[in-house]
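The values are calculated or read from the model by the stated rules, or taken from the named source; none is laboratory data. Quantities reported herein were computed from a predicted structural model and do not represent experimental measurements. Every residue, glycine among them, receives a Cβ derived from its backbone with ideal geometry; neighbour counts consider all protein chains shown. The accessibility values were calculated without ligands, DNA or RNA, using every heavy atom of the protein model including side chains. Shrake-Rupley method; radii C 1.70, N 1.55, O 1.52, S 1.80 Å.
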Amino acid sequence: MKNTHLRTWIFYGVMITLFCIFTYILFQNGKIFDGQFTGHSKITTTITNGIPETNFAMFRQAIMNNIAEPAAMLLLQIISILIVSRIFGYLFAKIGQPTVIGEILAGIVLGPSLLGYFYPDAFHFLFAAKSLGNLYILSQIGLILFMFTIGMELNINTLKEKISETYVISHASILIPYFFGMLMAYYVYQEFAVTYTDFLSFALFIGISMSITAFPVLARIVQEKGLSKTHLGTIAIASAANDDVTAWCILAAVIAITKTGSFISSLYTIGFAVLYVVVMLFVVRPFLKRIGDIYSNSEVLNKSIVAFLLLILILSAFITQVIGIHALFGAFLAGVVMPQLPRFRKLVIDKIEDVSVTLLLPLFFVFTGLRTEIGLLNSPHLWMICGIFILVAVSGKFMGGAFTARILGETWKDSLSIGILMNTRGLMELIVLNIGYEMGILPPSIFVMLVIMALVTTFMTTPALSVINRIFPAKDVEKEYIIQQSQGIFKALIALGNPENGKSLLNVAKTLLEGTRNSLAVSVLHITPGTDTNPIYGEQFSVDSFKGIKDEAAVQNIPLETEYKVTDNIELGIVKSVNYNNYDFLLVGAGISLSGIPFFKESPLFQNIKWLNKIVNSISKQQTFFYPGTLIKDKTRYFIENSNCSVGVFINRGFEKITSTLVVLHDESDEFLLRYARRLLKNNSDITINIIDTNKLAATSELIRESIHELRKQFPAEVRVNKLTKLNSTILSKNSFMLISYHTWNLFSTSDKKELKNIPSTLIINKKVSRFHVGARNKIVSNVSLDPVSENL
């Protein structure tokens with residue numbers, strides 16, 4: 001074996017040596033051709049002012065020439081666009097807004113309104129007019145792919161189920177704003193558009209721009225608000241889907257009329273379009289249904305099938321472009337006719353959406369930004385017209401959606417919410433506006449006003465919904481808490497981050513909290529970060545996240561409720577759920593183990609550079625790094641400080657079950673831990689309790705002394721008081737579980753950091769009495785069987 005290895009390297013060395021020798025001989029002989037070259041690409045030394053340029057100057061010039069090449073310039077443009085769009089998307093997500101608003105604003109920032117105004121040289125270098133052709137083509141490909149996924153997100157079966165109500169709401173929210181838009185066009189046509197286009201085309205495009213609803217943005221807002229499975233969410237999404245389908249059909253007709261110049265001439269285009277839709281729905285769709293039945297899993301959905309589906313998409317877009325109703329309509333229709341199989345659709349969207357939404361769609365936002373020169377609105381009069389456009393757009397959609405819903409029997413709260421949600425225009429509005437701009441129908445100033453209108457109406461949706469929720473609160477939180485207390489229900493919420501940790505968290509909750517009152521009600525919350533998560537994934541994510549903990553609950557016979565949310569602010573989402581639903585205890589995980597062995601980084605470099613720790617944490621999805629000094633910081637501290645109930649932070653160190661338990665007492669306020677210890681012993685006879693009194697409280701505190709005495713009297717064989725007053729690796733290694741208060745943990749994490757690295761699985765508890773607890777106790781008149789010892793856990 002060793003001889004073979006040596007022979008391999010000898011052969012490799014000889015081969016490289018011979019290659020170098022023969023190459024040298026070849027080039028030496030090739031010198032006879034020097035001076036015979038007559039082409040234009042020969043590299044020469046540049047002479048400036050009689051002085052030859054240095055090698056570095058030549059290198060720098062070569063770099064600039066390379067950057068100016070079309071491929072390099074396109075890549076530089078994409079890099080700039082992605083960086084700026086992700087930054088703005090992140091910032092807007094942090095304030096509870098859809099990321100699409102930030103990405104649209106990023107396009108405006110990179111356009112003439114900001115970058116071009118303050119840094120014209122950089123703007124003209126980065127977005128030179130001659131370099132925009134490739135960028136435009138890529139952005140259009142991105143739009144085609146995006147419209148395909150939008151068509152796939154539509155659930156035709158849901159539309160059929162709610163057709164009677166949502167059909168009326170969606171059409172009212174199209175017709176009323178459409179008429180308002182045409183009326184507005186009548187008053188501004190003479191001033192702005194008379195030299196651009198005829199009144200018919202202008203009025204039709206202004207009308208359609210007022211009546212658009214952005215189905216994908218609305219669906220994500222509904223998803224983030226946790227309304228997906230509510231009556232309001234179902235009605236809003238179905239109405240928006242109907243709105244999208246109808247609006248795109250109207251847009252196709254408007255484009256046909258505009259291109260042909262009259263309604264009569266457009267009938268040919270409309271007739272061919274209708275025929276094409278019929279063929280797609282009744283010929284292509286059944287054929288694709290059979291393909292979907294066969295290729296419904298990732299094993300058989302190979303490149304050939306994906307290529308075939310993309311071919312159908314591109315053919316559909318090409319045909320509708322040739323007919324005269326725009327390629328985007330064909331892409332949308334191709335998505336609609338895809339098989340109504342959630343698994344199949346998810347697999348196809350997985351293949352397409354990341355590239356279209358993350359990479360190519362921001363290019364479209366920049367193109368819109370390049371056309372949006374806010375400096376064109378250079379007078380109070382023009383800003384007043386812009387304000388009127390916004391007012392007309394909002395009032396038309398709101399009247400069409402809210403009043404119609406109310407007439408059909410919806411509550412005022414749901415009706416007003418529908419009116420607000422239908423005002424979400426977002427990206428779909430920009431697509432319509434760009435079509436009108438490219439066709440020469442919308443003048444630049446009107447285009448800018450309508451882009452601002454799209455941003456304002458989308459931005460206002462989330463705050464307006466919050467206002468409606470304050471005006472019409474869903475329930476009396478304090479009253480529900482009183483009822484909950486009177487029935488003797490102890491409500492615990494498990495915030496499930498990593499699904500693999502669910503079994504351990506449920507085991508801790510059952511052993512620690514069961515028997516606190518008449519009954520224990522456990523709920524599990526899982527939040528997927530990122531409102532740009534496709535709604536079509538929601539159901540699958542929900543099933544996958546809760547599978548393990550549901551199986552464990554069935555084994556332990558624990559009734560379990562689950563809640564699934566999508567939000568960009570996980571901490572706020574958890575706290576809102578805790579406080580709104582009157583939970584008595586929040587259990588969250590702070591660390592997981594890999595194959596039963598916890599992962600710790602002991603390098604001083606990692607411990608001292610917190611930002612590096614955060615970066616590593618964000619990159620690693622399979623393991624959580626934590627250090628005792630920083631564990632209960634940031635997110636976990638947010639839970640503790642903002643929740644209206646007690647919070648337990650569970651550190652998983654290869655947890656299997658609770659057996660020998662270490663209870664750490666540091667001051668008198670830690671006495672509540674002894675009540676948790678009593679509960680552990682009542683629920684599991686195999687558990688032993690080891691108490692470590694770090695401050696000799698048994699000698700100085702009557703409360704602690706009496707509590708320990710009562711606990712040892714009730715469980716003499718299971719409770720031991722350790723003589724040690726300081727944590728060390730020996731005593732930590734002898735226990736499988738540890739109870740410690742949040743206050744004590746913070747003290748020890750700074751002073752005994754080294755010893756805490758050896759902790760067993762640990763529950764850090766912050767005891768807090770609900771803000772309703774005192775009032776509720778005085779109001780409860782029912783006979784409730786409460787455990788007097790553990791009532792205030």
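Observations on the structure shown:
- By average C-beta atoms within 10 angstrom, highest first, the peptides 668-676, 145-153, 207-215, 252-260: 207-215, 145-153, 252-260, 668-676
- Rounded to the nearest 10 Å², the accessible area of Ser262 at probe 1.4 Å: 40
- Sites Met460 and Phe56, calculated FRET efficiency, Cβ-Cβ separation with R0 35 Å, nearest 0.05: 0.05
- Simple spin-label estimate for Glu561 and Thr195 in nanometres, 7 Å along Cα-Cβ: 6.5
- The magnitude of the dipole of region 214-324, with charges of +1 and -1 set on the Cβ of Lys/Arg and Asp/Glu and taken from the Cα centre, is near 80 debye.
- For Leu430, the solvent-accessible surface computed with a 1.4 Å probe is close to 0 Å², ligands and nucleic acids excluded.
- Available extension along the chain between Lys413 and Glu710 is 101.5 nm, counting 0.36 nm per residue and deducting the alpha carbon span.
- Accessible area in the full protein assembly, largest first, 1.4 Å probe, for Arg720, Arg470, Arg285: Arg470, Arg720, Arg285
- Phe179-Val467 FRET efficiency (beta carbon distance; Förster radius 30 Å; 0.05 resolution): 0.65
- Geometric descriptor of region 313-446, per residue, is 172 Å³ (volume of the convex hull of the Cα atoms).
- Stretching His381 away from Asn695 to a fully extended chain increases their span by 105.6 nm, per 0.36 nm per residue minus the current alpha-carbon distance.
- Per residue, in Å², the accessible surface of region 85-214 once ligands and nucleic acids are set aside, probe 1.4 Å: 44
- R0 of 51 Å, Cβ-Cβ distance Phe287-Phe33: FRET efficiency to nearest 0.05: 0.25
- Gain on full extension, evaluated as 0.36 nm per residue between Tyr167 and Ser395 minus their Cα-Cα distance, stands at 80.1 nm.
- Label positions at Met64 and Glu641, each projected 7 Å from the Cα along the C-beta direction, are separated by 5.2 nm.
- For His381, solvent-accessible area (1.4 Å; no DNA, RNA or ligand), Å²: 80
- Among Tyr24, Tyr638, the sequence by solvent-accessible area, most first, with a 1.4 Å probe is Tyr24, Tyr638.
- Taking 7 Å steps out from each Cα toward its Cβ at Lys259 and Leu82 produces label points 3.4 nm apart.
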